Amino acid sequence: MTTFPDETAKAKFLNLLGMARRAQRLAPGHDAAKKALRGKAAKVVFLTADAAERLKEEFAGLCVEEKVTLYHTELTMPEMKLAIDIPTAVFAVTERGFARTLQTFLIQP
């Protein structure tokens, strides 16, 4: 599981997710993330810690197939609701700049 170095990094990550959502560069939810992956728009995909195993397996396969990086984060769906106003377990970032910046806030396992 990918974690954050501290609470400040986590807060910055969530704030940037909100910005990406407002800029319409986020595909939140199963169907939107899957469509972004299949349409070659997804640059990176994130799963929350409380995502269902079936969802984790499905997106692990899709991301390998489409050659997109997948992160299993320590975030929860309630935290996602606060950040982007949608309680979702999976979301894809569709803009390279947002994707790169979001990844800088994570600690790789």
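Here, each number is a calculation from the coordinates, and none is a lab measurement. Remember, it's a predicted structure, so these values are computed and weren't measured experimentally. No Cβ is skipped: glycine too gets one built from the backbone with ideal geometry, and neighbour counts run over all protein chains shown.
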Give the long-range amide H neighbours of Phe4: residues separated by 5 or more places, or on another chain, with amide H under 5 Å away, using H modelled in the peptide plane at 1.01 Å from N.
Ile107
Let me spell out the model: positive unit charges on the Cβ of Lys and Arg, negative unit charges on the Cβ of Asp and Glu, origin at the Cα centre of the chain. What dipole size does that give, in debye rounded to 20?
540 debye
Could you give the length gained by full extension between Met77 and Leu55, i.e. 0.36 nm per residue of separation minus their alpha carbon distance, to one decimal place?
6.6 nm
Say each of Lys67 and Arg100 gets a label point 7 Å from the Cα, pointing the same way as Cα to Cβ; how far apart are those two points in nm?
1.9 nm
Among His72, Phe98, Leu55 - extreme Cα towards positive end, dipole of the stretch 7-104, charges at beta-carbon:
Phe98
Based on the mean of other Cβ atoms within 10 Å per residue, sort peptides 56-69, 84-97 so the most packed one is first.
84-97, 56-69
What is the chain by shape, rounded, prolate or oblate, if you read a ≥ b ≥ c off the alpha carbon gyration tensor as root eigenvalues and call it rounded for a/c under 1.5, prolate for a/b larger than b/c, and oblate otherwise?
rounded
